[in-house]
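Reviewing the structure listed below.
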Amino acid sequence: MSVLVYVENAEGKFKKSIFEAVSYAKAIADQLNTSLTAVSIGNVAQDELQKLGNYGAAKILNVNQDALKSFINQAYASVIAEAAEKTAASVVVLSNSFSGKGLAPRIAVKLNAGLVDGAISLPELNDGKFIVKKTAFSNKAFAYVELHADKKVISLTPNSYKIVETGSQAVIEDFAATVKPTDLTALIKDIVRATDKVSLPDAELVVSAGRGLKGPENWGMVEELANLLGAATACSKPVSDADWRPHSEHVGQTGIAISPNLYIAIGISGAIQHLAGVSSSKVIVVINKDPEAPFFKVADYGIVGDAFEIVPKLIEELKSFKANN
Amino acid sequence: MKILVCISHVPDTTTKVTFSDNDTQFNQNGVQFILNPYDEIALARAIELTDNGAGTVTVIHVGDASTEPTIRKALAIGAHDAVRVNATPSDAFFVATQIAAYAKDQNFDLILAGRESIDYNGAKVPAMLAEILDIPSVSIIKKLSVEGNQGIVEREIEGGKEVLAIPFPFVAGTAEGVAEWKIPNMRGIMSARTKPLQVLEPVEVQTSSKIVKFETPAPRGQVTLIDASEPQKLVDLLHAEAKVI
Ligand SMILES: Cc1cc2nc3c(=O)[nH]c(=O)nc-3n(C[C@H](O)[C@H](O)[C@H](O)COP(=O)(O)OP(=O)(O)OC[C@H]3O[C@@H](n4cnc5c(N)ncnc54)[C@H](O)[C@@H]3O)c2cc1C
Ligand SMILES: Cc1cc2nc3c(=O)[nH]c(=O)nc-3n(C[C@H](O)[C@H](O)[C@H](O)COP(=O)(O)OP(=O)(O)OC[C@H]3O[C@@H](n4cnc5c(N)ncnc54)[C@H](O)[C@@H]3O)c2cc1C
C-alpha cells in the first residue's frame, strides 16, 4: 500500500497548487502509515523535482518521454494508472485543475477506484470508513462522500489545503511508461496563454467588477487595483456576455468557481448565480452604491458608495500602504 | 453525422438548497427542476451541427420517470429522439456506465455533455464515459467545429486556451461559448410530444461512492461597513484583521 500524487507542471515548473496537493497527499500517507510517491510527466529539471521532497514526497517517478511531451489526458491517465499499479497505490491524489478534472475520472475507471472530485479537506477515517468532504450544489452546500472501493482517487481543490514543509529529500527515479498509440489520437494544434497575468483559478487575491462599472472603458482602475495587489481580475456574467471582458474572467455558476483568500466585488449586485462561484472565498469585500445590494449579506467588509470615487481613493491608500510595508 | 447529448436534470439555479432525512437527502420539496444549463449549450451546438438534415441528435438521460419533462424540453429544443435509462442514479460512475452501455454499439460520431452538473458538480461523467468506451475526451470546451472526420475544439486551460484536433468519436464537455441557448418555439413544443422516447432498463453496476451527509455552509458573520470617505480603514482591516494583504 502507498499513496501516489500526480504533479502537473506548467512549462517545467510546479505551481503552489501542486505543493498543496503534495502536502495533502503526504498527510494522507501519514494517516495510512505509508509513504508518498510523486509521478511527474514531461520535461522538469532535477532541482525543480527535488522541491517536492520538501513537501513530503519520498520518491519521484520521473516520466520524460518524447511521446508524452504535451498533455493528452487519455495518455497521461494511462501513465498515472500504471504508476499507481507499480507503487501499489491505494490512494491517488491530483490537483483539481483543468487538466486534473480531465484525468481523475479516467484514472478512477482504470483502477476501479472510488473518486472524489474537488475535495476540500483531509479524509475522515473512522471504523474502516473513508469519507471526504467536497462542495456541492455550486457552493451552496458541502457533501461528505464515502468511498467504499479499495482504491481511491481524490482531486484537491486549489487553495483549500495549507502547504506543509517537511524539509525532507526525495529520491528521483526515471520511469519508462508504456505509451499506447491509441491514447494519442488527439492532436494539440495551438496553445494561447496570457503569461503576464495571474491566472484566475490559481489566484489568491481576486478583484472583480460588474455591470455597475457601466462600460469596458472603465476597467483601468480595476486593473490598476489588481496589479497593485498582485491579484487576478474577474467579472460577472453580463460583463463577459457584453464582451466588456473575456469569457475566461467570468465567475459564477456558469463560469469559473474560485476560492481565493480575498475577493473584492465592485459594482456587482450579488445574484445567487454569481455567489455560487465565489462564496467560498475566505474574505469578501463589496463596493456597491446600493446599500440593499444582496452581496452585502455575504460580505465581510463593505463600502456603500460610488465605485468611481471609492476605487481611485482605495488605489491611493494601497500605494501608500505598499510604500510603508 | 450522429450525435449523442447527455442531459442531466438539476434544480433551478435560484433554488434554496436544503436537506432532509437527517441531512442525507437533497430536499426536492417545492424545487423547480431544469435541464442543466451546460447541457442546453451542448444540445444547441449539436442541433446546429446537424441542421438541414446533416445528421441526427439523440439525447440520453439516466433518471426516473419524474424527469421526463426535462427530456421533453430537450426534444422541444430540437433533439430528434431520446433515451431514458430508468434508474435513480447513485453516482457518476453509475451514470457513465449506463450511457456507455447504450452508446457502445450505436456508432455515434460525437458524444456531448455539459462541463459539469450544477447540482453535484462532479465534472466526472464525460471523462468516465470516454474511458469506459476507450475514446478521447476533452473538457472544458468553448468552441466546437467539424472538419472532415475530426472535431476542432477549443479547451480552457489555466490563463488561456488550447486548440485540439480530435478524430471522431470522442466525448466533449461543453461550456458557454460553444453555442447560444436555444428557446423552443411552438412547433418544437408541439412536435416534442410525439418524438420517440425510448425507456431502457439499467445494466448492473457496482458503485464505488456514496454521499453520506450534506451540510450547508455556516452563515458569514455580520458585514463590517466602512464609510466611503475612509478607504484607508479597509486597507488597515484587510492587513491587520483579515490578514490577506
Ligand atoms: C442560468 C443562469 C446562470 C447564471 N450564471 C451566472 C454566473 O455564472 N455569473 C454571474 O455573474 N451571473 C450569472 N447569472 C446572471 C445573474 O443572475 C445576474 O444577472 C448577474 O450576476 C448580474 O451581474 P452584475 O451584478 O454585474 O449586474 P447587476 O445585477 O446589474 O448589478 C450591478 C450592480 O452595480 C451597482 N452599481 C451601479 N453603479 C454603481 C456605481 N457607480 N458604484 C458602485 N456600484 C454601482 C448596482 O447597485 C448593482 O448592485 C446567471 C443567470 C442565470 C439565469
Ligand atoms: C435521489 C438521488 C440521490 C443521489 N445520490 C447521489 C450520491 O450519493 N452521490 C453522487 O455522486 N450523486 C448522487 N446523485 C446524483 C446523480 O447520481 C448524478 O447524476 C451523478 O452523480 C452525476 O453527477 P456529477 O455531478 O458527477 O455529473 P457531472 O459529471 O458533473 O456531469 C457532467 C455532464 O454529464 C452528463 N450527466 C450528468 N448526469 C447525468 C445523468 N443522470 N444522465 C445523463 N447525463 C448526465 C451531463 O451532460 C452533465 O452536464 C443522486 C441523484 C438523485 C436523484
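Listed values, structure above:
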{"read-out": "Value of relative contact order over the range A:36-142, rounded to a whole percent, pairs C-alpha under 8 Å and six or more apart", "value": "18 percent"}
{"read-out": "Contact order normalised by residue count of chain B, Cα under 8 Å, 6+ apart, percent", "value": "24 percent"}
{"read-out": "Relative contact order [Cα under 8 Å, 6+ residues apart], the range A:199-308, whole percent", "value": "24 percent"}
{"read-out": "Chain A: most fluctuating residue of A:Thr182, A:Thr157, A:Thr233 per GNM, C-alpha cutoff 10 Å", "value": "A:Thr182"}
{"read-out": "Choice from A:Glu309, A:Glu165, A:Glu223 showing the highest fluctuation, given a GNM over chain A with Cα pairs closer than 10 Å", "value": "A:Glu309"}
{"read-out": "Mean-position separation - Cα centroids, the range A:138-203 and the range A:204-275, in angstrom", "value": "25 Å"}
{"read-out": "Cα→Cβ-extended label distance, 7 Å offset, between B:Lys16 and A:Glu309, nm", "value": "3.6 nm"}
{"read-out": "Heavy-atom accessible surface that B and A bury in contact, both chains counted, 1.4 Å, Å² to 100", "value": "7000 Å²"}
{"read-out": "Of all accessible heavy-atom area on the range A:2-183, the percent that carbon and sulfur account for (1.4 Å)", "value": "48 percent"}
{"read-out": "Of B:Val153, B:Ala127, B:Ser209, farthest towards positive along the dipole that unit charges on Lys, Arg, Asp, Glu beta carbons give the range B:2-215", "value": "B:Val153"}
{"read-out": "Heavy-atom accessible area per residue - chain B, 1.4 Å, Å²", "value": "44 Å²"}
{"read-out": "Cα gyration tensor shape of chain A, rounded if a/c is under 1.5, else prolate or oblate by comparing a/b with b/c", "value": "prolate"}
{"read-out": "Helix A:307-324 axis, angle to chain A major axis (alpha carbon atoms, nearest 10°)", "value": "60 degrees"}
{"read-out": "Gyration tensor (alpha-carbon) shape descriptor, the range A:83-142, a/c threshold 1.5", "value": "oblate"}
{"read-out": "Lys, Arg +1 and Asp, Glu -1 on Cβ, resulting dipole of the range A:200-324 about Cα centre, debye, nearest 20", "value": "180 debye"}
{"read-out": "Share of carbon and sulfur in the accessible heavy-atom surface of chain B [1.4 Å probe, %]", "value": "49 percent"}
{"read-out": "Mean Cβ count within 10 Å, highest first, over the residues of peptides A:31-44, B:192-205, A:198-211", "value": "A:198-211, A:31-44, B:192-205"}
{"read-out": "Size of electric dipole in the protein assembly as shown: Cβ of Lys, Arg +1 and of Asp, Glu -1, about Cα centre, debye, nearest 20", "value": "420 debye"}
{"read-out": "In sequence order, calculated HN-Hα J values of the range B:7-18 (Karplus, 6.51, -1.76, 1.60; Hz; x Gly/Pro)", "value": "10, 10, 10, 10, x, 3, 4, 8, 4, 7, 7, 9"}
{"read-out": "Heavy-atom surface of chain A, accessible at 1.4 Å and reported per residue (Å²)", "value": "39 Å²"}
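The values are calculated or read from the model by the stated rules, or taken from the named source; none is laboratory data. This structure is a prediction, so every number in the text was calculated from the model and none was measured. Reconstructed Cβ throughout: ideal geometry from the backbone, glycine too, with neighbour counts over all protein chains shown. Note: areas computed on protein heavy atoms with side chains; ligands, DNA, RNA excluded. Shrake-Rupley method; radii C 1.70, N 1.55, O 1.52, S 1.80 Å.
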